[in-house]
Amino acid sequence: MQTFLEQHSDTLMQAMPLVRNYEKRLASLNDWWGKIALIGKINSYNIASTILDDMQRTKDKFGELQKKLTHNLLLENLQKLRLDNASKAQVAIDILIRNLFERTADVGFLATDEDIRSFLSNEEARNAYQDFINRRLEEYVKKYSVYDEIIIFDLEGNVKAHLDGNNPIRYSNDPLLRETLNSKAEYVETFRYSDLQPGKQNSLIYSCKITATNDPASRPLGVMCLCFRFEDEMDGIFKKLMSDNDSGILMILDEHGKVIASSNKNQIPLSATIKTDKPLSIVTYKGQKYVASNCKTNGYQGFYGLGWQGQMMTPLSQAFDTDIRKESKRHNYSEIISQASHFTPELKEIRSASIDVNTDLSLLVLNGQITSARKNAAEFMPVLEAIKQIGTDIADIFTESVDSLQEVTVISSHLDNAGFLAALAVDIMDRNLYERANDCRWWALTTEFRRLLQQDVLSSVDKQQIANILEYINALYTVYTNLYVYDREGEIVAVSNKSAQHIIGQRLPEQTAAYMALSIKDSQQYAVSPFVESEFYHNRHTYIYNASITHLNNSNDVLGGIGIVFDSEPQFRSMLEDALPRNKQGHLVDGCFALFCDRQQDIIAVANDSELKVGERLTLPERFFQLKNGEKTSEIIEFRGKKYIFGVAVSQGYREFKSTDNYRNDVLCLLFIPF
């Protein structure tokens with residue numbers, strides 16, 4: 001940061017009207033001081049020159065402080081911009097990578113679907129099976145709405161089934177098919193133009209080899225390709241992160257620095273190349289200078305995608321436009337500035353030193369007044385008074401600039417960031433639980449579950465077959481501690497977790513939401529338990545997602561259901577920790593913590609605080625829990641006898657989840673950063 005500031009100080013100064021204003025006012029006072037001192041020298045022969053010399057030295061001290069002040073004003077304004085921009089760039093790329101991580105599991109799992117395997121391996125029955133497979137793909141995308149096309153290829157690149165009726169594809173010679181068949185990896189990720197979607201400039205495709213069995217070395221049957229709705233996803237991310245009055249442009253860059261997604265395509269279009277990979281830089285695009293913050297992804301569970309980066313660029317001409325009066329009215333925290341730990345010692349020292357220098361100047365003026373009186377040099381008195389007033393004005397500018405910077409730039413920056421991070425955490429939660437709602441509904445459509453539960457009596461072999469499928473699924477999707485299938489009476493018939501076999505044969509309690517699921521006849525609906533202690537989660541609080549399992553030929557005939565036990569404690573804690581602020585060493589800021597709560601103020605999850613417990617009621621003003629869905633706010637509050645920068649945000653769902661699917665479960669994230 002210091003090196004960047006030294007390289008671009010003149011450019012940045014021109015872009016910071018507030019700093020220029022202080023510089024101009026100080027320069028005017030310095031100039032006036034010099035003129036008055038000259039008048040004093042010309043007209044006051046009876047006064048010792050040492051008095052004016054001492055005042056000149058005082059003026060020089062102010063001059064040194066002024067240089068430090070200007071440097072720190074530039075630095076703090078720059079740091080605020082970088083914090084704002086880097087936060088958005090980091091969140092954009094990390095949210096995207098989290099989403100794409102789920103896709104890597106999807107393609108591998110769908111490629112092992114037994115119905116799709118049978119469809120590819122049985123050529124004689126393929127035509128009769130075509131409608132069933134088409135409906136199955138439609139059902140899949142109804143759940144996982146992040147895909148706009150699914151294509152099943154045979155070994156020669158012929159399309160055997162696909163989802164998008166407007167896509168004319170019948171055959172592909174895209175090299176990704178051969179690469180996928182030859183690959184030993186679990187999936188292949190491709191982003192570029194592809195004849196799989198000829199109407200698109202670029203496609204993000206996840207492909208996987210379809211084999212005869214779950215053994216990767218078994219006979220290949222074809223290739224499964226999932227086409228992700230990349231543009232749609234990025235539009236949602238940009239809308240979430242960018243406000244209407246944002247002057248910057250948020251982008252995703254590929255590994256070569258080419259823009260593959262832009263929040264403002266008119267200003268920075270797709271395929272533009274931004275030649276920077278530095279965390280902070282000034283770049284020029286089409287003659288306009290921008291301050292750019294570039295962020296590599298932190299990855300998610302070891303997944304880093306294709307080497308993409310997030311970048312936020314703000315036009316230099318608008319980067320530092322701040323209306324102090326407007327901001328001060330919004331955040332009137334001048335009385336507690338001195339208590340804050342976020343302010344740099346240098347600024348506090350500059351303000352203190354300016355007061356000390358002005359005190360010394362007052363003593364010099366007093367000494368000069370006494371000397372003038374003794375020597376009858378009345379003509380020197382106005383000079384002394386003028387210099388004293390100038391010193392006071394200079395010290396006032398120092399205090400004003402430091403206080404306004406701390407109150408507006410520093411506090412508002414941290415307040416905005418707290419609200420932003422709280423909104424991020426609750427958005428991550430919604431996105432994660434969206435996948436859980438999808439999983440239970442899709443797995444409920446497993447043909448083998450439906451076929452076996454149609455029988456009047458399940459044999460031990462049948463139950464073991466169900467258990468084997470559950471165990472296979474759970475091994476791929478480790479965010480669950482257990483998956484279980486139950487019959488139409490709510491009796492558990494099989495589990496995925498061998499350590500939970502003792503619950504087989506038990507009737508499910510009402511609070512698991514199983515009986516709600518047994519009344520569902522629509523494959524798009526699901527049921528979720530309340531967030532309460534569950535014997536199926538070692539008497540800890542969690543959600544259990546349920547979907548009904550229906551007859552293969554009659555969806556109105558509910559045969560049973562599937563319940564999936566979310567491993568809420570570590571998963572929620574991880575989401576909260578990812579949103580908490582970190583220091584330069586990458587460690588959590590001392591004393592910060594975060595919570596998920598419901599509208600009733602009951603704690604759902606805690607990160608980085610040992611005193612607060614899940615299930616307890618949180619004591620805070622009710623107004624925070626009455627915010628509307630999607631709203632966020634931040635302020636400085638007192639909690640447990642300490643002051644915190646506090647951010648709170650309310651969930652609003654993701655895609656159809658919690659918005660159009662009839663499931664309502666408002667969650668708030670509350671984030672505390674020591675003041």
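The values are calculated or read from the model by the stated rules, or taken from the named source; none is laboratory data. Quick caveat: nothing in here was measured; it's all calculated off a predicted structure. Glycine gets a Cβ as well: all are built from the backbone with ideal geometry, and neighbour counts include every protein chain shown.
Tabulated data for the structure shown
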| item | result |
| --- | --- |
| Qualifying position, being crowded, with 21+ Cβ neighbours inside 10 Å and within 30 Å of Leu476 (Cβ to Cβ), among Ala15, Ala92, Ala105 | Ala92 |
| Any hit, segment 370-387, residues being of a type in the set (S, T, N, Q) and touching a helix residue (DSSP H, G or I) at 6+ places or on another chain (Cβ under 9 Å) | yes |
| Subset of segment 416-474 (residues that are among the acidic types (Asp, Glu) and part of a loop (DSSP other than H, G, I, E, B)) | Asp456 |
| Criterion: modelled with pLDDT under 95 and touching a helix residue (DSSP H, G or I) at 6+ places or on another chain (Cβ under 8 Å) - qualifying residue of Arg325, Arg330 | Arg330 |
| Meets criteria (surrounded by 21 or more Cβ atoms within 10 Å (Cβ to Cβ) and either of a type in the set (Val, Ile, Thr) or out of contact with any Cys (no Cβ under 6 Å at 6 or more places or on another chain) (or both)) for Leu470 | yes |
| Qualifying residue in segment 291-301 (condition: closer than 20 Å to Leu12 by Cα, among the polar types (S, T, N, Q) and at pLDDT 90 or above) | yes |
| Subset of segment 533-581 (residues that are closer than 19 Å to Val479 by Cβ and of a type in the set (Val, Ile, Thr)) | Thr542, Ile544, Ile562, Ile564, Val565 |
| All strands (runs of 3 or more DSSP E) inside segment 491-609 with 2 or more residues being among the β-branched types (Val, Ile, Thr), closer than 25 Å to Arg450 by Cβ and under 34 Å from the mean Cα position of the chain (by Cα) | 558-566 |
| Any hit, segment 576-587, residues being surrounded by 23 or more Cβ atoms within 10 Å (Cβ to Cβ) and under 30 Å from Glu489 (Cβ atoms) | no |
| Contacts under 6 angstrom Cβ, first residue in segment 255-276 being at positive phi, partner crowded, with 19+ Cβ neighbours inside 10 Å, 6 or more apart | Gly257/Ile274 |
| Identity of the residue in segment 594-619, at pLDDT 95 or above and among the polar types (S, T, N, Q), that ends up nearest to Gln571 (Cα to Cα) | Asn608 |
| Residue within segment 552-561 that is in contact with a helix residue (DSSP H, G or I) (Cβ under 6 Å, 6 or more places away or on another chain), closer than 17 Å to Tyr663 by Cβ and not acidic (Asp, Glu) present | yes |
| Scan of segment 529-541 for residues that are surrounded by 13 or more Cβ atoms within 10 Å (Cβ to Cβ) and more than 16 Å from Gly490 (Cβ to Cβ), ordered by number | Pro530, Phe531, Val532, Glu533, Tyr537, Arg540, His541 |
| Selected residue [of a type in the set (A, V, I, L, M), touching an Asp or Glu at 6+ places or on another chain (Cβ under 8 Å) and buried (at least 24 other Cβ atoms within 10 Å of the Cβ)] from Ile564, Ile544 | Ile564 |
| Residues of segment 191-250 that turn out to be of a type in the set (Gly, Ala, Ser), more than 24 Å from Asp148 (Cα to Cα) and outside the structural domain of Leu270 (by TED's automatic domain parsing), as a count | 3 |
| Strands (runs of 3 or more DSSP E) contained entirely in segment 217-287, each with at least 2 residues that are in contact with a strand residue (DSSP E or B) (Cβ under 8 Å, 6 or more places away or on another chain) and of a type in the set (Val, Ile, Thr) | 249-253, 259-262, 280-285 |
| Every pair of residues 6+ apart whose Cβ atoms lie under 9 Å, when the first sits in segment 458-478 and is over 22 Å from Arg488 (Cα atoms) and among the hydroxyl-bearing types (Ser, Thr, Tyr) while the second is in a loop (DSSP other than H, G, I, E, B) and modelled with pLDDT of 95 or more | Tyr472/Ser496; Thr478/Asp567 |
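Matching residues to (1) surrounded by 15 or more Cβ atoms within 10 Å (Cβ to Cβ); (2) at pLDDT 75 or above; (3) under 25 Å from Thr371 (Cβ atoms):
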site	(1), (2), (3)
Leu26	yes, yes, no
Asn30	yes, yes, yes
Asn46	no, no, yes
Ser49	no, no, yes
Asp53	no, yes, yes
Lys67	no, yes, no
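Each row is one residue, and each column tells you yes or no for (1) at pLDDT below 95; (2) in contact with a helix residue (DSSP H, G or I) (Cβ under 6 Å, 6 or more places away or on another chain); (3) crowded, with 16+ Cβ neighbours inside 10 Å; (4) not in a loop (DSSP other than H, G, I, E, B).
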residue: Leu96; (1), (2), (3), (4): no, no, yes, yes
residue: Ala128; (1), (2), (3), (4): yes, no, no, yes
residue: Ile133; (1), (2), (3), (4): yes, yes, yes, yes
residue: Ile151; (1), (2), (3), (4): no, no, yes, yes
residue: Glu156; (1), (2), (3), (4): no, no, no, no
residue: Gly165; (1), (2), (3), (4): yes, no, no, no
residue: Leu177; (1), (2), (3), (4): no, no, yes, yes
residue: Leu181; (1), (2), (3), (4): no, no, yes, yes
residue: Phe191; (1), (2), (3), (4): no, no, yes, yes
